[in-house]
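Just so it is clear, none of the values below were taken in a lab; they were calculated from the coordinates. Predicted, not measured: the structure shown is a model, and the values here were computed from it. A quick note on method: Cβ atoms are made from the backbone with ideal geometry, for glycine too, and the neighbour counts reach across all protein chains shown.
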């Protein structure tokens with residue numbers, strides 16, 4: 001039987017060790033690096049980098065070194081959280097059970113720490129020392145830039161802010177979440193698959209998986225913001241309602257939102273059935289997403 005907790009601990013440790021090594025490359029000590037380290041090593045679940053690793057393993061059980069790409073993805077994700085927490089965005093004081101970056105330091109430092117993490121991600125991805133073929137390396141850079149930029153995560157954040165003044169239709173909310181949350185999750189899976197030399201059919205199946213869990217992840221986030229335990233979540237609840245954000249519980253009700261998340265996860269699991277036991281980590285992550293309490 002697949003031991004999901006053990007698997008996650010092993011992969012989280014690998015990611016954390018690599019991130020620590022990447023930050024330690026510079027001997028310079030500064031307030032900026034302290035803020036970057038503070039947010040990057042604040043105890044995140046590392047779902048996106050683990051998805052990258054797991055997708056590669058599902059395609060090819062021969063070892064493929066996707067760890068640098070996985071860590072770059074986590075840098076991008078952490079940058080987005082730092083900026084998302086700012087007073088101009090969601091104005092959150094707590095993240096992962098600790099003061100948010102702008103509370104622990106100050107707003108200017110938080111902005112710069114986020115900028116620096118995003119830039120560091122692409123420094124990691126473009127390193128000549130990586131063992132990938134140049135065309136493949138460029139493709140991974142393109143995929144992650146597209147997911148993080150104006151055609152992905154940032155556009156999703158902009159739509160989230162704009163929609164605070166009006167109620168969205170369900171298809172509009174789904175598109176918003178596919179951009180804001182789903183784009184980077186899909187890119188994480190797709191990057192791992194491509195590095196492992198997935199066929200077009202395998203890429204298509206994994207893309208269906210990624211799209212479904214990406215939306216499920218955000219639906220459960222919406223649910224937890226309504227009924228989650230702040231101590232378990234490591235952040236305040238009820239903030240979506242306070243900010244008049246469009247959410248699945250607000251639009252279709254709490255029960256239907258939870259049912260939707262379960263359906264999405266079921267579709268995700270079904271999409272990777274052809275990968276046999278190699279996809280056990282992907283199936284376990286999908287089920288974890290719908291059961292998680294933080």
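So here's what we get for this one:
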quantity	calculated
Normalised convex hull volume, segment 173-277, alpha-carbon set, Å³ per residue	116
Packing-based ranking, highest mean first, of 140-147, 211-218 given that Cβ atoms within 10 Å are counted	211-218, 140-147
Residue 263 versus residue 24: modelled label distance in nm, points set 7 Å from Cα along the beta carbon direction	4.9
Length gained when the stretch residue 9-residue 243 is fully extended (0.36 nm per residue, less Cα-Cα span)	80.7 nm
Between segment 135-180 and segment 256-294, the Cα center-to-center distance that results, in Å	22
Pair-distance profile P(r), taking every C-alpha pair of segment 162-201, with 10 angstrom steps and integer %	26, 34, 23, 13, 3
Contact order relative to length of the chain, as percent, for alpha carbon pairs under 8 angstrom and 6 or more apart	21
Gaussian network model of the chain, springs between alpha carbon atoms under 10 Å - residue of 184, 224, 117 with greatest fluctuation	224
Shape call, segment 205-247: gyration tensor on alpha carbons, a/c limit 1.5	oblate
Among 65, 276, 85, residue whose mean-square fluctuation peaks in a GNM of the chain (springs only between Cα atoms under 10 Å)	276
Gyration tensor verdict on segment 60-182 (Cα atoms; rounded if a/c is under 1.5, prolate if a/b is larger than b/c, oblate otherwise)	oblate
Peptide ranges 52-63, 152-163 listed from the most packed, as the mean C-beta count within 10 angstrom indicates	52-63, 152-163
Residue-averaged [θ]222 nm for the chain, counting only DSSP H segments that reach four residues, each worth -39500 (n - 2.57)	-21500 deg cm²/dmol
Alpha carbon centroid spacing (whole Å) that separates segment 9-30 from segment 213-228	29
Cα gyration tensor category, rounded, prolate or oblate, for the chain with a/c compared to 1.5	oblate
